[in-house]
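The values are calculated or read from the model by the stated rules, or taken from the named source; none is laboratory data. Keep in mind it's a predicted model, so treat the numbers as computed, not measured. Note: ideal-geometry Cβ built from the backbone for every residue, glycine included; neighbour counts use all protein chains shown. Areas reflect the complete protein model, heavy atoms only, side chains present, ligands, DNA and RNA absent. Shrake-Rupley method; radii C 1.70, N 1.55, O 1.52, S 1.80 Å.
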Amino acid sequence: MSAPGPASPVHDALVSELGRAIVDGRHPPGSRMLTVELAQERGVSRSAAREAVRVLESFGLVWVRRKSGVEVRPRAQWNVYAPEVIAWRLAGPGRDEQLRELSQLRSVIEPLAARLAAETASSEQKVELVSHVVAMAQEDHDADHERYLSADVRFHRLLLESSGNSMLAALGGTVEAVLRGRTAHDLMPHVADRNAVQWHRDVAFAVASGDADAAAAAMRDIVSEADDAMQQAAG
């Protein structure tokens, strides 16, 4: 989910500062803020503060109450699938819990997506999946850098899209946030796990050959290895 409205460095910085403070618990549920005070404390215009609040409201983090300011909402009402919320949680003290929840989510949706992709992917999608695996293999000695990450992100996004299920495809941003967060927070090894690269290859070729069981099994291996590696790195 992308933040609505125009953006500027000041706007983005304020959204990030307030968003992290909320998900970290520094502004607990039920606490209130005034837009005027936010603007004054941070030296920004009232319009910039109001726009930042609107973005946070779109993520379900706050609501605006007339005459009583901005109130932080309970976590159960947050849009926890928003990539921005995921990134803030990964950057804060709730990282371990976020990693656990994301791994559990991936263990359900990605093997299913792989299974469906083996049944529904177009010829173009099959070729593209294989090309992303080739790009990953070429960069596996530099797995904690952007080129490997970009190929990995494209692979997982395309797999979800290839499932033919629009609701699974809509989770592409969520999975991308996991992959980018793993690299950003030094939870990715410099040299990719050889088995993980092989399993990505296995998924691509199983999808290409229409072998749904093999595609799902290899994807389960990918998610399990990623979870184990992140837990050890976070250690």
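The residue pairs whose first member lies in region 149-163 and is over 13 Å from Q125 (Cβ atoms), whose second member is open to solvent by 10 Å² or more (accessible area, probe 1.4 Å) and small (G, A, S), and whose beta carbons are closer than 6 Å, counting only pairs six or more residues apart or on different chains, are A151/A135. Restricting the first member to region 57-77 and to residues that are farther than 24 Å from Q98 by Cβ, and the second to residues that are loosely packed, with under 15 Cβ neighbours inside 10 Å and among the basic types (K, R), the beta-carbon pairs closer than 6 Å and six or more apart or on different chains are G69/R32.
For A114, indicate whether it is within 20 Å of A217 (Cβ to Cβ) and part of a helix (DSSP H, G or I). Please lay out each step first, then the result.
Numbers: within 20 Å of A217 (Cβ to Cβ): yes; part of a helix (DSSP H, G or I): yes.
Considered against the rule, which asks whether it is within 20 Å of A217 (Cβ to Cβ) and part of a helix (DSSP H, G or I), A114 comes out as yes.
Residues considered: E128, E97. Of these, the only one that is modelled with pLDDT under 95, of a type outside the set (K, R), touching a Lys or Arg at 6+ places or on another chain (Cβ under 9 Å) and open to solvent by 60 Å² or more (accessible area, probe 1.4 Å) is E97.
Within region 151-173, the residues that satisfy the criterion of being farther than 17 Å from I222 by Cα, surrounded by fewer than 20 Cβ atoms within 10 Å (Cβ to Cβ) and among the small types (G, A, S) are G164, S166, A169, A170, G173. Scanning for something more than 30 Å from E176 (Cα to Cα) and touching a helix residue (DSSP H, G or I) at 6+ places or on another chain (Cβ under 7 Å), does region 77-87 turn up at least one residue? No: zero hits. Per the conditions (1) open to solvent by less than 30 Å² (accessible area, probe 1.4 Å); (2) of a type outside the set (K, R); (3) under 21 Å from E84 (Cα atoms), the sole criterion not satisfied by E176 is (1). Within region 64-82, the set of residues being open to solvent by less than 70 Å² (accessible area, probe 1.4 Å) and at negative phi comprises S68, V70, E71, V72, R73, P74, W78, N79, V80, A82. The single residue among A184, A216, A114, A135 that is among the small types (G, A, S), surrounded by fewer than 19 Cβ atoms within 10 Å (Cβ to Cβ) and in contact (Cβ under 8 Å) with a residue 60 or more places away in the chain turns out to be A184.
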